[in-house]
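Below you'll find the structure, written out as structure tokens, and then a few comments.
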Amino acid sequence: MSSQVRELMASGFGQLRHEPTAKRIQAVLGGDTVVDSTRAVLVWEPRRIVPSYAVPAEDVRGDLAPADAGSATAGAAGPGDDVGVALADVTALRVLDPRVPFTVHSTAGEALDLRAAGQVRPGAGFRPADPDLAGLVVLDFAAFDAWYEEDELNVAHPRDPFHRIDVLPSSRQVRLELDGQLLAASSRPVLLFETLLPARYYLPRADVTAELVPSPTRTWCAYKGQASYFSVSAGGRLVPDIAWTYPDPQHDAARVRDLIAFFDERIDIVLDGERRVRPVTPWSDGPGA
């Protein structure tokens, strides 16, 4: 019997997973390169949907010591099943997306404090109690000032080699509504397909009929870059951060530059005359495009 690839990928979410990378990985803190490794491994703790970098302890230019009490917010048993967010179209598990702090660990191991470049980063390291990862230290992406894969700056989190985006121009008829009010209509969308996520419909600004109110909110995506947000007035109320754009996208997402997308999870989409069911994702309630 054939297996759906999506189900195979999701079936491992409850497990500790790892994958070596051939990329040179560097991390900068306080102007100093404090991690430099050609032996890095990507590690996904159970229920984590994005990986962290793990490197041999000797590739960290600093001191790693057992964390002070409180640096890690979960012990060997890991967080309970009620921690995390729904990704209903993918798995029944509540997944730990990047908004769940690194210090919430879902596998047995030892939390570590990092002292490097004259700074202290509590809980920035984690030594998993797993023989396949012996000698490696998993590192908190957010605890460093910058990360590089080879000589390219990486943002948001490590890139997953099994995650990709496809950006394709289309002539499909797209109509976006909220509470019965037309937000946008287009026959020239650019569709962005991303692994395990709903398709996103990026539209020319001229095809957006709703008033877009710029928001100070910014988010980062490892594959698309920095997103700027808009709020929209609908039904006599201002709906915050419901649309976004990429003014300067990463190279893989260059085709969506300056186009406008809306959260499918929070509006109604009519595609080729058929009203679609709103998906449920970790971003049903807010930014994370």
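The values are calculated or read from the model by the stated rules, or taken from the named source; none is laboratory data. The shown structure was predicted, so the numbers you read here are calculated from the model rather than taken from an experiment. Ideal geometry is used to build each Cβ from the backbone, glycine not excepted, and the neighbour counts take in all protein chains shown. Note: accessible area is taken over every heavy atom of the protein model, side chains too, but ligands, DNA and RNA are not part of it. Shrake-Rupley method; radii C 1.70, N 1.55, O 1.52, S 1.80 Å.
Neighbours of ASP82 by Cβ distance under 14 Å: Lys/Arg scored +1, Asp/Glu scored -1, total +1.
Using a Gaussian network model of the chain in which every pair of alpha carbons under 10 angstrom is joined by a spring, one finds that among GLY84, GLY62, GLY30 the greatest mean-square fluctuation is at GLY30. For the stretch 118-257, a Kirkwood hydrodynamic radius built from all Cα pairs, placed in the Stokes-Einstein relation at 4 °C and 1.567 mPa s, yields a translational diffusion coefficient of 72 µm²/s. Binning the alpha carbon pair distances of the chain at 5 angstrom intervals from zero yields the distribution 1, 5, 11, 15, 16, 15, 13, 10, 7, 5, 3, 0, 0, expressed in whole percent. GNM on the chain, alpha-carbon springs under 10 angstrom: the most fluctuating residue among ILE242, ILE25, ILE49 is ILE49. A DSSP coil position with no more than 15 other Cβ atoms inside 10 Å describes the following GluC sites (Glu not before Pro) in the stretch 132-197: GLU150. Near LEU259, the amide H atoms lying under 5 Å from its own belong to TYR246; only residues 5 or more places off or on other chains count, and H is placed 1.01 Å from N.
Which shape class, rounded, prolate or oblate, goes with the stretch 17-168 when its Cα gyration tensor gives a ≥ b ≥ c as root eigenvalues, a/c under 1.5 marks rounded, and past that a/b bigger than b/c marks prolate? Taking the square roots of the gyration eigenvalues as a ≥ b ≥ c, the stretch 17-168 is oblate. Residues considered: LEU176, LEU212, LEU153. Largest GNM mean-square fluctuation over the chain, using C-alpha springs under 10 Å, is found at LEU153. For HIS157, the amide hydrogen comes within under 5 Å of the amide hydrogens of ALA222, counting only partners 5 or more places away or on other chains and with H modelled in the peptide plane. Taking amide H positions as modeled 1.01 Å from N, with prolines and chain starts lacking one, the residues under 5 Å from VAL104 and 5 or more places away or on another chain are THR73.
The fraction of accessible area contributed by carbon and sulfur in the stretch 1-127 is 51 percent, rounded to a whole number (1.4 Å probe; ligands and nucleic acids excluded).
Sequence-ordered 3J(HN,Hα) estimates for the stretch 103-113 from the Karplus curve with 6.51, -1.76 and 1.60 and θ = phi - 60° stand at 5, 8, 9, 10, 9, 5, x, 10, 6, 10, 8 Hz, glycine and proline given as x. For the stretch 247-282, the set of trypsin sites (Lys or Arg not before Pro) satisfying both a DSSP loop assignment and a count of at most 16 other C-beta atoms within 10 Å is given as ARG276. Taking the helices alone, the chain has a mean residue ellipticity at 222 nm of -500 deg cm²/dmol, built from -39,500 (n - 2.57) per DSSP H run of at least 4 residues and averaged over all its residues.
Positive contributions from Lys and Arg (+1) and negative ones from Asp and Glu (-1), summed over other residues with Cβ under 14 Å from the Cβ of ARG255, come out at -1.
Summed over the residues of the chain and divided among them, the accessible surface reaches 47 Å² per residue at a probe radius of 1.4 Å.
How much net charge surrounds ARG39 when only other residues with a Cβ under 11 Å from its Cβ are counted (Lys, Arg +1; Asp, Glu -1)?
Numbers: positive: LYS23, ARG24; negative: ASP36, GLU58, ASP59.
Within the 11 Å Cβ shell, the charges total -1.
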